[in-house]
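The values are calculated or read from the model by the stated rules, or taken from the named source; none is laboratory data. The model shown is predicted, which means the values in this text are computed figures rather than measured ones. Methodologically, a virtual Cβ is constructed for each residue, glycine included, from the backbone with ideal geometry; neighbour enumeration extends over all protein chains shown.
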């Protein structure tokens, strides 16, 4: 079959893959980009989950002309509380509170339904003339001189200067490139679902540290909340299989009664939790982005936002190299992206790992120590402001421009 030529092939049609294509094409409209997505057409519309979009990511989406559309379905997080207790405790004392703004009128994060975000990205991709090949797999690739030849499952070969691997934490493209990972399982699974509740949440997010792991209540529009409920894997699998009455009873024990009657309105899913860090983010002609480069515990709510930080750094690296007439797929160019992202990724991976190990246990001495630490942080406004700024993902002057809301 005849070869098709592009500048960039993106493997993976989730939010990171599509966002990378849109960010690059918006700043360099002459670059030919194709997205290869193995998932069936329209499957993204069935994703009932929601994600926390930090301020840095929302600034990036604003500069890409997407945020106004997404904001219609977004729920700002106005404040956050952290508790530490056992499931059976009648009262859960609040050890830590956070104001939800990093600047007047700018929340540090919004909750956005995944299908809304991906839908907006795909419509923008279509507007920019980005080709999306749906239901097609990448079966292999081989570098030849100044290009990579990407073999598709339907027999076609795509020739490009760069392949972006954004195909998830179990990335086949990463494996094909021979890039090793550091990985371990936590023996935990995250139960994800959506509930409707009787009373308004007023935009408050809550994270309850329980012996089996964190239980996060994240506000959505219309008196609903997205739950990320961590349990030991065997308990999570049992809960998913239980009937509605048992599941809602267990949910109510953890959620409490402060928001009135509860009703599960979303599908329940359980996802195994672990830490996966790629030893390299780039090789000649290939760059990893999103979960293909890093998969972390959801305790800090930073997984998707780390992917968007990858997008901002990679897009700026590629566009600036192209403007200078450099080879956008060469290792010398891609090393800038790797240097930009590896330390932040390692730091966030270690932080999430330590937090999970510290808070997912019921040791009385450890609980006393961590509660003292939470209370100490709560009494130090400057330190709380630093943590909120870090969680917002807004970089300093040396960070990617898109995350500051500036065009490339």
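General remarks:
- When residues of the stretch 220-236 are limited to those that are within 24 Å of the chain's Cα centre (by Cα) and outside any strand (DSSP E or B), the one surrounded by the fewest Cβ atoms within 10 Å (Cβ to Cβ): 222
Condition check ((1) free of Cβ contacts under 8 Å to residues at least 24 places away in the same chain; (2) closer than 21 Å to residue 208 by Cα) across all residues:
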site: 245; (1), (2): yes, no
site: 249; (1), (2): yes, yes
site: 255; (1), (2): no, yes
site: 258; (1), (2): no, yes
site: 268; (1), (2): no, yes
site: 276; (1), (2): no, no
site: 280; (1), (2): no, no
site: 284; (1), (2): no, no
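- Restricting attention to the stretch 335-350, the residues that are in contact (Cβ under 8 Å) with a residue 60 or more places away in the chain and touching a strand residue (DSSP E or B) at 6+ places or on another chain (Cβ under 8 Å) total 3.
- Strands (runs of 3 or more DSSP E) completely within the stretch 71-125 that count 3 or more residues being buried (at least 16 other Cβ atoms within 10 Å of the Cβ) and in contact with a strand residue (DSSP E or B) (Cβ under 9 Å, 6 or more places away or on another chain): 79-84, 94-99, 109-113
- Scan of the stretch 159-181 for residues that are under 17 Å from residue 328 (Cβ atoms) and in a strand (DSSP E or B), ordered by number: 159, 160, 162, 163, 164, 165
- Going through (1) assigned to a helix (DSSP H, G or I); (2) more than 19 Å from residue 33 (Cα to Cα); (3) assigned by TED's automatic domain parsing to the domain that holds residue 59 one by one, residue 280 falls short only on (1).
- If only residues of the stretch 128-152 that are touching a residue at least 24 places away in the same chain (Cβ under 8 Å) and not in a strand (DSSP E or B) are counted, the one that is farthest from residue 10 (Cα to Cα) is 146.
- Subset of the stretch 366-408 [assigned to a loop (DSSP other than H, G, I, E, B) and within 30 Å of residue 25 (Cβ to Cβ)]: 393, 394, 395, 396, 397, 398, 399, 400, 405, 406, 407, 408
- Residue match in the stretch 211-219 (condition: surrounded by fewer than 17 Cβ atoms within 10 Å (Cβ to Cβ), modelled with pLDDT of 95 or more and either under 21 Å from the mean Cα position of the chain (by Cα) or in a strand (DSSP E or B) (or both)): no
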